[in-house]
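Working notes for the structure below.
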Amino acid sequence: MYKRILGMAAAALVAGATTAAAQTKEVVVGVLYPLSGPVAQVGKDAVAAVNTALEIINNKHDLDMPLAKGEGLTGLSGAKLRVIVGDHQGKPDVGQGEAERMINQEKVHSMYGAYYSSVTAAGSQVAERAGIPWVNGESTSPKLTERGFKFFFRVTPHDGEFTKLMFEFAGDFQKKHGKKLESVAILHEDSLWGSDSGSVQEKMAKDQGYKVVEDIAYKAKTTSLTAEVQRLKASKADMLLPSSYTSDAVLFMRTAKELDYNPALLVAQNAGYTDPSFLKTMGKDADGVITRSPFNTDLAKRIPLIGKVNALFKKHSGGRDLSDVPARAFTGFIALADAINRAGSTDPEAIRKALTETNIPGSQLIVPYKGIKFAANGQNELTRGILMQAQGGKYCTVYPFEFAACELKYPMPTWAEKAK
């Protein structure tokens, strides 16, 4: 009799869960990006990428990726995904307030975003306290996955992994070209992301035997970098490693031109240097700039999904092509949706558990990651990056050398050469 009662209770629980899944009409995700301010275009492109993912998830598409072949979330009886988009303006306090609003008033089932590492840090603290999953596709401060959070998951490589790639490139470059690189100069803005990037680069450079001749921190969104560029020029470093958002990256390049500072090798930590508006603004003056990235459109020859997803993305972006940030935003959002689908529930704990069990193969991604599988700290442990160089007004992949779409230009063209 006792066993019968237990069996009936278990059946009732299963039936209740099945009924709840069947009754779920939509799953709501809060999405945070900078939609105003100096990197607004990056945020708008990221939202366009999320909307592209929504189109694929909520409708049938002949694509070899999670959730593409059905309509809606099959694990929740075809429930549709809906997003509520907020503008954090690049300000941590605004991002924190938006996260609180979305969680407490909009009752979102999970959170996604937010590009700026400082905003992601502030907003995800709110989600952690509330027990709401937060998935991030593009914030790279290493500290984000060193906080012991249970509900935070990051899909992108972080700056430690990207910096390791830079120094692997430096080593392979010396072997291939017979050039000796002995000294490094570091320039970074002073927010959480820039400071973490600079400290990781300094440590790794020293650990690998490079002399750090300058390590310069400047105020984010500064209006002048003259003194900093003068110091860099005097340092005569073999390699410059800058970490700047878009407006600062443009300011640096213009100041370098004005002061005729010609680094032989400039390897940037992404951000402003991969914003499409950077190339559009700088034109041929950007030629020779190298930046790390997890994505470039010239990888389409190796990753056929890129072209197919890019065609959909252009419908949501006003004709703009995929670039670094939207490619990572798309990838991370697909990972979140896949977990919600496998959870078969809008319960935050069920979604969190499903995220810990994520295992998406690299063949189903538009970025060159080996896959998506989260370590115990919430960091994707299957990431992989590339280096690309601005040549003729666009970026082409130059490293790893087996992925190269063009030959590396070294040394970086001087301002006099660009003026010809």
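We did not get these values from a lab; they are worked out from the coordinates using the rules stated. Predicted model only: the values in this text are computed from it and were never measured. All Cβ positions, even for glycine, are placed from backbone atoms using ideal geometry, and neighbour counts span all protein chains on display.
Using a 10 angstrom cutoff on alpha carbons, build the Gaussian network for the chain and name the most mobile of Met388, Met253, Met111. The residue that fluctuates most here is Met253.
When the GluC sites (Glu not before Pro) in the stretch 149-215 are filtered for DSSP coil states and for at most 12 other beta-carbon atoms within 10 Å of their beta-carbon, the remaining sites are Glu182. Computed over the stretch 328-380, the alpha-carbon pair-distance distribution with 5 angstrom bins reads 4, 22, 30, 26, 14, 4, 0, each value a whole percent. Taking the Kirkwood radius as Rh and the Cα radius of gyration as Rg, the stretch 232-357 has a ratio of Rg/Rh equal to 1.11. Listed from fewest to most Cβ neighbours within 10 Å, the set Glu349, Glu138 follows the order Glu349, Glu138. Straightening the chain between Ala130 and Lys236 buys 33.1 nm, computed as 0.36 nm per residue apart minus the Cα-Cα spacing.
Compared with the alpha-carbon gap, the fully stretched path from Glu100 to Lys257 is longer by 52.1 nm at 0.36 nm per residue.
Projected over every direction and averaged, the convex hull enclosing the alpha-carbon atoms of the stretch 361-408 yields 4.2 nm².
Can you give the Kirkwood hydrodynamic radius of the chain from its Cα pairs, in Å with one decimal? Display every interim value, and only then the final one.
Details: mean 1/r = 0.0451 Å⁻¹.
After inverting the mean inverse Cα-Cα distance, the result is 22.2 Å.
Remark on Val83: its backbone amide H falls under 5 Å from those of Val29, a criterion applied only to residues 5 or more positions apart or on other chains, H modelled at 1.01 Å from N. Each of Tyr410, Tyr112, Tyr369, Tyr210 was scored by other Cβ atoms within 10 Å of its Cβ. Listed from fewest to most, they are Tyr410, Tyr210, Tyr369, Tyr112. Stokes-Einstein diffusion for the stretch 274-420, with the hydrodynamic radius set to the Kirkwood value over Cα pairs and evaluated at 37 °C in a medium of 0.692 mPa s, equals 193 µm²/s.
Restricting attention to the chain, close to 30% of DSSP beta bridges with both partner residues there are antiparallel. Distance between the 7 Å Cα→Cβ label points at Lys60 and Lys370: 3.7 nm.
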